[in-house]
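The values are calculated or read from the model by the stated rules, or taken from the named source; none is laboratory data. Since this is a predicted model, take the numbers as computed values, not measurements. As a convention, Cβ positions derive from the backbone with ideal geometry for all residues, glycine included, and neighbour counts pool all protein chains shown. These accessible areas exclude ligands, DNA and RNA; they are computed on the full protein's heavy atoms, side chains included. Shrake-Rupley method; radii C 1.70, N 1.55, O 1.52, S 1.80 Å.
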Amino acid sequence: MCRRLRALGVRVARISVVPDDVEAIAGEVAAFAARFTFVLTSGGIGPTHDDVTFEAVARAFGEQVAPHPELVALVHRFFGTMDAQCPEMKLARVPESSRLNYGVGSTFKYPLVSVRNVYIFPGIPALMERALDGFAHLFRSEQTRFHSRAVYVAADETLIAPALDQVNAAFQGRVSLGSYPDWASNYYRVKLARLRSVDVPVSVPLGGPGAPGPR
């Protein structure tokens, strides 16, 4: 997920791992939603007792879960049941203000549920990857691109630390530089990872909608 988001121009600022506990998830979702542009959850939206993400996201925003008519119809289509008490119907009970987002192309047929700036992804890795590919248009930044490079150094980290301090001071705010020692490798001692974000110019036709005015 992080690699795919970076390719879309999205910087991942925080990752949190929480148990299958409604209060714990709700607390993290509420805090993250108030601080970040997007919040992506993964997992906990299946039919079993430990799938509590929909309930937790609803609680984070002071809502209840309720059957969504479109999801009820999809459950009926996929599973052939309209029984409100069956396990499959749990997939249709979502936060009251939920929005259903539909993917581009045929990558992912099932809608992605979102509440405000919180997007609720499946936890099964293959489904999560397909969903993120299908809903990439929701997160893609046309103004930002990330460029990364890795350099492998056959020297101890302590020996190159002064040089890294100088580089970090010179490019702070423009380039993120990480140093990762590897004592088990026979080929290098330290991996240096460089990440740089670049703003991509966006042209606006003069006189068209949204054209900049005089300054």
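Out of Asp156, Asp83, I need the residue that is assigned by the TED database to the domain that holds Val39 and more than 14 Å from Leu40 (Cα to Cα). Which one? Step through it out loud before you land on a result.
Numbers: Asp156 fails: assigned by the TED database to the domain that holds Val39.
Going through Asp156, Asp83 in turn, the sole match is Asp83.
Criterion first (crowded, with 20+ Cβ neighbours inside 10 Å, more than 21 Å from Ala13 (Cβ to Cβ) and in contact (Cβ under 8 Å) with a residue 12 or more places away in the chain) does Leu91 satisfy it?
On the way: crowded, with 20+ Cβ neighbours inside 10 Å: yes; more than 21 Å from Ala13 (Cβ to Cβ): yes; in contact (Cβ under 8 Å) with a residue 12 or more places away in the chain: yes.
So Leu91 passes the test.
Considering only residues that are part of a helix (DSSP H, G or I) and of a type in the set (A, V, I, L, M, F, W, C), look in segment 166-182 and name the one that is nearest to Val151 (Cα to Cα).
Initially, segment 166-182 is screened for residues part of a helix (DSSP H, G or I), giving 166-171.
Of the ones still in play, those that are also of a type in the set (A, V, I, L, M, F, W, C) are 167, 169-171.
Numbers: Val167: 14, Ala169: 19, Ala170: 18, Phe171: 17 Å.
Here the answer is Val167.
Which one of these is of a type outside the set (Phe, Trp, Tyr) and closer than 17 Å to Met1 by Cβ: Pro125, Pro95, Pro47? Give the steps one after another, and end with the answer.
On the way: Pro95 fails: closer than 17 Å to Met1 by Cβ; Pro47 fails: closer than 17 Å to Met1 by Cβ.
Criteria check complete, one pass: Pro125.
From (1) hydroxyl-bearing (Ser, Thr, Tyr); (2) over 24 Å from the mean Cα position of the chain (by Cα); (3) in a strand (DSSP E or B), pick out the condition that doesn't hold for Thr41.
If we test Thr41 against (1) hydroxyl-bearing (Ser, Thr, Tyr); (2) over 24 Å from the mean Cα position of the chain (by Cα); (3) in a strand (DSSP E or B), just (2) comes out false.
Got a sec? Which strands (runs of 3 or more DSSP E) wholly within segment 97-141 have at least 2 residues that are free of Cβ contacts under 8 Å to residues at least 40 places away in the same chain? So that I can check it myself, show each step before the final result.
Details: elements: 99-101, 112-115, 118-121.
Output list reads 99-101, 112-115.
Condition check ((1) out of contact with any helix residue (DSSP H, G or I) (no Cβ under 8 Å at 6 or more places or on another chain); (2) open to solvent by 30 Å² or more (accessible area, probe 1.4 Å); (3) under 20 Å from Val118 (Cα atoms)) across all residues:
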residue	(1), (2), (3)
Ala31	yes, yes, yes
Ala34	yes, yes, yes
Thr37	yes, yes, yes
Pro47	no, yes, no
Gly62	yes, yes, yes
Val65	no, yes, yes
His76	yes, yes, no
Phe79	no, yes, no
Pro87	yes, yes, no
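Which residues, taken from segment 94-111, are buried (at least 19 other Cβ atoms within 10 Å of the Cβ) and in contact with a Ser or Thr (Cβ under 8 Å, 6 or more places away or on another chain)?
Selection gives Ser98 alone.
Out of all the residues in segment 2-22, is one or more outside any loop (DSSP other than H, G, I, E, B), open to solvent by 40 Å² or more (accessible area, probe 1.4 Å), in contact with a Phe, Trp or Tyr (Cβ under 8 Å, 6 or more places away or on another chain) and at pLDDT below 95?
Taking segment 2-22 as the starting set, the residues that turn out to be outside any loop (DSSP other than H, G, I, E, B) are 2-7, 22.
Of the ones still in play, those that are also open to solvent by 40 Å² or more (accessible area, probe 1.4 Å) are 2-4, 6-7.
Those left that are additionally in contact with a Phe, Trp or Tyr (Cβ under 8 Å, 6 or more places away or on another chain): 6-7.
Keeping just the survivors that are at pLDDT below 95 gives 6-7.
Yes, some residue in segment 2-22 is outside any loop (DSSP other than H, G, I, E, B), open to solvent by 40 Å² or more (accessible area, probe 1.4 Å), in contact with a Phe, Trp or Tyr (Cβ under 8 Å, 6 or more places away or on another chain) and at pLDDT below 95.
Which condition does Ser114 not pass, out of (1) open to solvent by less than 50 Å² (accessible area, probe 1.4 Å); (2) out of contact with any Gly (no Cβ under 6 Å at 6 or more places or on another chain); (3) over 30 Å from His147 (Cα atoms), if it passes all the others?
(3)
Going through segment 54-88 one residue at a time, which ones are closer than 29 Å to Glu23 by Cβ and of a type in the set (Val, Ile, Thr)?
Val57, Val65, Val72, Val75
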